[in-house]
1. On alpha carbon coordinates alone, what is the Rg over Rh value for the range 113-175, Rh being the Kirkwood radius?
2. Translational diffusion coefficient of the range 55-211 at 37 °C, 0.692 mPa s, Stokes-Einstein with Kirkwood Rh over Cα pairs, in µm²/s as a whole number.
3. Over the range 96-152, with every protein chain in place, what whole percent of the accessible area is carbon and sulfur at 1.4 Å, could you tell me?
4. Once fully extended, how much extra length lies between ARG109 and ASN200, figured as 0.36 nm per residue of separation less the alpha-carbon to alpha-carbon distance?
5. Looking at the square roots a ≥ b ≥ c of the eigenvalues of the Cα gyration tensor of the range 47-105, which shape do they give, rounded for a/c under 1.5, prolate if a/b is larger than b/c, or oblate?
6. Within the range 110-124, name every residue whose backbone N is under 11 Å away from a label modeled 7 Å from Cα of VAL135 along the Cβ vector.
7. Along the range 68-84, what does the Karplus equation 6.51 cos²θ - 1.76 cosθ + 1.60 (θ = phi - 60°) give for ³J(HN,Hα), rounded to whole Hz, x for Gly and Pro?
Amino acid sequence: MAAAGSTAWLQSTFNPCTTGWPSTSGRSTTDWIGSRTTSKSCNDKEKTVAPDRHGSAVITFPNELEVVITREFDAPIALVFDVLTKPEHVSRWGATPPDRMTECSIDLRVGGNYHSSFVTGDGTVFSFSGTYLEVEPPVRTVETWHFNCWPDVEAVETMELQERDGVTTFTWRLAFRDKAGRDHMTRFDGRQDSLDEMENILRSLLNPSRA
């Protein structure tokens with residue numbers, strides 16, 4: 001995601017800069033692409049705990065240039081937008097242990113830049129950066145997207161939010177300049193974990209006593 005951006009790249013004997021999303025945990029690609037989880041019925045008026053949506057993100061490839069990921073969060077749209085775009089939150093979900101975020105800067109305005117990076121357990125540094133093209137809080141941002149491992153790849157990232165009945169749907173779209181760029185995206189290790197950590201952050205903000 002744009003907010004989970006980047007900085008430097010450290011060479012190592014293992015070079016993951018081939019295809020796929022850099023892993024920020026041990027979760028497998030199969031886990032990530034898993035089926036969508038539908039929330040349980042809300043007819044029970046005594047229900048006070050929101051459903052656990054961990055692992056429920058859905059990935060689709062609508063055409064040869066795009067990747068689209070959708071995920072629901074049981075939180076108001078404004079709060080989800082904050083968690084997606086404020087450095088103090090992004091620095092928590094941008095990488096999951098044993099990986100760690102080392103930089104996260106976000107200038108959330110048209111023409112502003114974002115830049116972030118994280119270090120994996122073996123010392124490899126992944127970085128993302130770009131410039132905001134559209135900023136419409138709390139529903140939408142559009143930004144350029146650059147990944148340090150793929151210097152020749154150009155893409156535009158769109159993050160959109162819609163709220164209905166207290167549930168906010170997050171849609172992340174990455175549109176590449178050409179098919180060769182999109183073809184890099186064959187694995188998505190780590191993305192599910194980041195979205196699950198976002199859910200954990202939202203739960204802690206909505207109910208601090210349970211954090």
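The values are calculated or read from the model by the stated rules, or taken from the named source; none is laboratory data. Note that the structure is a prediction, hence the values are computed from the model and not measured. For neighbour counting, all protein chains shown are included, and Cβ atoms are generated from backbone atoms with ideal geometry for every residue, glycine included. In case anyone asks, the SASA skips ligands and DNA or RNA and just uses the protein heavy atoms, side chains included. Shrake-Rupley method; radii C 1.70, N 1.55, O 1.52, S 1.80 Å.
1. The Rg/Rh ratio comes out at 1.07.
2. The diffusion coefficient I find is 203 µm²/s.
3. 53
4. 30.1 nm
5. Cα axes put the range 47-105 in the oblate bin.
6. Once the point is set 7 Å along Cα→Cβ of VAL135, 110-114 turn out to lie under 11 Å by backbone N, inside the range 110-124.
7. 10, 10, 10, 7, 9, 10, 8, 7, x, 4, 5, 6, 4, 4, 4, 5, 6
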